[in-house]
Structure formats: structure tokens, C-alpha cells
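Participant: Structure incoming, see below.
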Amino acid sequence: MNAKLIVFDFNGTLLFDYIENKEAWNQTSLHFTDKPIDDRKYESFVGMTDTECAKMIENGASYERAEEIFTYKENIYKELCYKRKIELAPYAKDFIEMAKKSHIEVAICSSCPKINMAWYIPYFSLDRLFKENLVYGMEMMRSKPYPDVYTYTLNKIGVRGDEAICFEDGENGLRAAIAAGFNRVYAIKIPGIDLSITGRLAPLISWKEALESFNEVIRLN
């Protein structure tokens with residue numbers, strides 16, 4: 001693979017937690033508003049920060065109220081992940097190790113909050129896989145589909161977009177990666193997500209269909 005850097009979104013890309021996240025946000029919405037979340041509304045959450053999602057649950061919520069909402073959600077989400085013994089996406093570790101053996105740097109660039117990454121890192125040994133290349137919890141930046149978090153990551157590592165490859169999932173994330181100028185942008189097919197959402201962007205990026213798993217990427221090389 002011809003690249004200096006491979007950047008991964010985390011949730012929905014390296015971790016197939018679409019169902020757990022959706023269930024947790026739905027329970028949270030019911031708790032705070034007595035209303036469930038429909039599929040269309042939840043799809044708009046993908047790639048957004050927890051603060052922004054919480055403000056969509058309760059319109060006009062203050063930052064303190066939003067923090068209360070997303071903390072409630074993250075506690076439910078964490079319990080679901082532990083209960084279901086969630087693991088990294090199939091072949092993800094193999095692909096990451098293959099990239100590192102080829103002297104390609106790897107990084108995570110995620111909208112997920114610090115409260116989650118605090119247990120993701122030890123639970124999935126992310127510090128061993130990615131070392132210091134972990135960008136997350138950037139609540140003060142504009143969230144995806146704006147490219148800010150990806151532009152920050154590229155600058156932090158010192159690599160141009162045309163020297164890097166990005167793996168994403170939802171529409172917001174794909175648009176952010178495209179806007180950041182990555183050489184290639186790939187999507188991994190996520191259990192539970194409607195591919196027509198990301199399929200609309202197919203003419204703009206370098207895949208004809210979302211890949212079934214990182215094993216397909218391994219076979220491309």
C-alpha cells in the first residue's frame with residue numbers, strides 16, 4: 001500500500017458498535033424526553049461529538065445539561081459493550097500490524113469522548129497498536145463533516161493528506177475525510193447500517209462498494 005500514514009475513525013470502523021450506540025442513545029432519549037430515536041435521526045449522530053448529539057436529544061440544552069445526558073448514555077453504552085464482550089473489527093489487528101511492518105504509521109482520529117477512550121485504550125490495547133497517535137475528545141473543534149479533526153491529525157503527525165489513507169463509516173465521517181484531502185478514503189461495511197447512506201458518496205471516493213472487512217483490504221495488497 002503506497003502511503004506514509006493510515007488513519008482510522010474508531011467507532012463503526014475499528015469497532016462495530018453501531019447497534020450498542022444506537023440502543024444506548026435510544027434508552028437515553030426515552031429517559032430524558034420520553035421519545036425514542038428514529039433511524040433517520042440516529043444516522044445524523046454518526047461522526048458527531050457527544051455534546052452535539054446530546055443537544056439534539058434536548059434542544060437548547062446547556063453544556064452542563066448536555067454533559068449529564070451524554071454521561072448517562074455512555075454508561076449504558078459501556079455496560080452493553082462489556083455484556084456483549086465486544087471486540088475490534090475482524091482482521092483489524094492483522095491489517096494494522098501489516099501496515100506497521102511496511103513502515104506505515106497508523107493513527108486513530110475519532111469524535112468519541114475522553115470518557116470512552118479512557119477504557120477503550122486499555123481494553124483493546126490501543127496504546128500498543130497506535131502508541132501516541134490517538135486523537136479523540138476534541139470537543140472544541142467542529143465535528144464531522146467538517147475536516148478539522150482530520151486536518152489536526154495530519155498536521156500533528158506531519159503528513160500531507162495526499163500521502164495518507166483514511167478508513168471511515170458514516171456519511172459525516174466520509175465527507176470530513178474527503179474534505180481533508182486524503183489520497184484514498186475507504187469505508188468498511190458495518191453490521192446494522194444502511195449502505196445506501198454511504199453509497200451516495202461512492203463517486204467521490206475510491207471504493208465501489210463498502211468492504212466487508214479489513215481482510216479484503218489485506219487481499220488488495
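FYI, it's all coordinate maths here, none of it is from the lab. The model shown is predicted, which means the values in this text are computed figures rather than measured ones.
Participant: Mind pulling up the Rg/Rh value for segment 104-156? Radius of gyration and Kirkwood radius, both on Cα.
Facilitator: Ratio of gyration radius to Kirkwood radius for segment 104-156: 0.97.
Participant: Only Cα pairs under 8 Å and at least 6 apart count here; give the relative contact order of the chain as a rounded whole percent.
Facilitator: Relative contact order, the chain: 27 percent.
Participant: Could I ask something else about it? Take the Cα atoms of the chain, build their convex hull, and give its volume per residue in Å³. Provide the component values of the computation, followed by the final result.
Facilitator: On the way: hull volume 24.7 nm³, N = 221.
So the per-residue Cα hull volume is 112 Å³.
Participant: A further question follows. Could you tell me the extents of segment 18-83's C-alpha atoms along the three principal axes, largest first, rounded to whole Å?
Facilitator: Here the spans come out as 33, 24, 24 Å, largest first.
Participant: Still on this structure: Between their Cα atoms, which of Lys22/Lys83; Lys93/Lys131; Lys78/Lys114; Lys35/Lys73; Lys41/Lys189 are more than 18 Å away from each other?
Facilitator: Result: Lys41/Lys189 exceed 18 Å.
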